[in-house]
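Before any comments, here is the structure.
Just so it is clear, none of the values below were taken in a lab; they were calculated from the coordinates. Remember, predicted model here, so these are calculated numbers, not experimental data. Here the Cβ is made from the backbone with ideal geometry for all residues, glycine too, and neighbour counts use every protein chain on show.
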Amino acid sequence: MRKQNLFTGSMLLLIMIGMSSCGNKKEMVTTENFGSFDGKEVSLYTLTNNQGNVVKLTNYGAAIVEVNVPDRDGNKANVTFGYDNLEGYVNGDPYFGKVVGQFANRIARGKFSLEGVDYTLALNNFPNALHGGPTGWHSRVWTPEVLQNTDYPAVKFTYDKPDMEEGFPGNVVAEVVYTWTDENELIMDYKVTTDRNTVINITNHAYFNLHGTGNGDILDHEALIRASAFTPVDSTLIPTGELRSVEGTPFDFRTPHLIGGRIGEEYDQLILGGGYDHNYVLDNVEEVDAEVYDPSTGRFLQVITDQPGVQLYTGNFLDGTQTGRGGKVYQYRSGFCLETQHFPDSPNQAAFPSVILTPVEPFLSSTVFRFGVR
């Protein structure tokens with residue numbers, strides 16, 4: 001498959017540029033205290049590339065806190081959802097910018113079987129399990145490491161998950177390396193290992209608004225998703241098992257369309273999802289799998305991944321009750337998500353790509369968020 005070496009290639013690039021880097025460069029990652037949680041220190045990491053553009057991260061939930069990038073006139077703004085302090089992350093929306101696991105998205109009725117053993121999970125999105133449970137990886141303090149001797153600022157976060165935490169088998173070690181390149185690419189390299197067979201689905205749940213977060217809705221953004229099919233859902237947003245062609249439906253973004261252009265149509269899946277909240281079956285043929293463009297600012301976000309799916313979510317459950325960084329209020333449909341992933345409910349869907357993780361072979365994956373203007 002054309003992207004099977006994406007993770008390996010990006011990690012080799014980091015090693016090679018690290019070997020060639022000089023020792024008198026300006027500091028690319030700065031660290032400040034962000035509080036403590038569960039007796040563990042939480043920090044805020046600021047990554048600055050050679051264009052002066054900034055990404056901020058925290059080891060609570062391995063979260064993306066800010067992405068500050070210019071518009072076509074050079075005016076910079078934060079384009080991703082986040083909070084000003086740790087309290088916001090602990091008590092606010094559970095997923096803003098966070099890495100979610102052990103199983104991202106939904107598992108039907110919180111149940112799955114593996115090798116003849118039945119497992120039961122918390123129903124935190126009744127009647128289903130969602131994003132690894134109420135105390136999944138998004139709500140944990142990850143072990144941080146600022147990577148040294150690299151040409152690009154990079155931070156690694158590691159979480160050691162004990163056997164049967166949130167109902168998932170296996171002592172699992174999850175790693176994510178964030179790299180912020182001079183081309184305004186936020187690279188996320190994932191590695192997950194286990195000591196016994198288990199299931200894995202990992203993603204980052206960042207919300208974006210290319211106007212700048214808190215500045216209107218995202219219905220005037222143009223979306224391109226290179227996917228010929230999507231996975232329809234039932235009334236509880238669990239895939240039915242069908243791979244439905246996007247041809248002739250409001251889900252066809254193979255050529256750019258406004259996100260809001262067809263979101264109000266009387267189409268069964270839009271009604272069930274309250275808008276777009278669906279997994280796309282990526283063609284995985286061209287380099288860029290998805291792109292969202294804001295004509296008013298010129299900003300675009302391109303998504304490059306080796307995963308088989310991506311969840312388009314259009315902020316259908318945002319309701320103005322969340323106040324984010326800089327006092328910005330996150331209103332209905334004021335952010336979109338493109339969550340690269342395996343398909344929802346895969347442990348219960350034999351026809352979907354396998355999500356079984358074994359001790360023999362680690363899970364390796366890479367996703368790139370590339371920002372630019374035109």
Review point. In percent, how large is the relative contact order of the stretch 68-114, given Cα pairs closer than 8 Å and 6 or more residues apart?
Key: 21 percent
Check your understanding: Separation of the stretch 55-120 and the stretch 189-242 by C-alpha centroid, Å?
Key -> 11 Å
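Hey, with R₀ at 35 Å, roughly what FRET efficiency would residue 262 and residue 41 work out to, going by the Cβ-Cβ distance, to 0.05? Write out the running numbers ahead of the final one.
Values: r = 47 Å, r/R0 = 1.34.
Using R0 = 35 Å, I get an efficiency of 0.15.
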Review point. Mind ordering 154-162, 35-43 by average Cβ neighbours within 10 Å, highest first?
Key: 154-162, 35-43
Check your understanding: Given springs between every Cα pair under 10 Å in a Gaussian network model of the chain, which of 214, 264, 101 has the largest fluctuation?
Key -> 264
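Run the numbers for residue 73 and residue 182: contour at 0.36 nm per residue of separation, minus the present Cα-Cα distance, in nm. All intermediate terms of the calculation are to be shown ahead of the outcome.
Details: separation 109, 0.36 × 109 = 39.24 nm, distance 1.87 nm.
Gain on stretching residue 73 to residue 182: 37.4 nm.
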Review point. Roughly speaking, what is the stretch gain from residue 120 to residue 329, that is 0.36 nm per residue apart minus the C-alpha to C-alpha distance, in nm to one decimal?
Key: 71.6 nm
Exercise for review: Assuming R0 = 30 Å, can you tell me the calculated FRET efficiency for the pair residue 316 and residue 283, based on Cβ-Cβ distance, to the nearest 0.05?
Suggested key: 0.75
**Study point:** Listed residue pairs exceeding 25 Å between alpha carbons, taken from 56/76; 98/156; 40/156; 161/328; 40/161; 76/191
**Key:** 161/328; 76/191
Review point. To the nearest 500 deg cm²/dmol, what mean residue ellipticity at 222 nm is calculated for the chain from DSSP H runs of n ≥ 4 alone, each contributing -39,500 (n - 2.57), summed and divided by the residues?
Key: -2000 deg cm²/dmol
**Study point:** Estimated distance in nm for a label pair at residue 374 and residue 234, the labels positioned 7 Å out from Cα along Cα-to-Cβ
**Key:** 4.2 nm
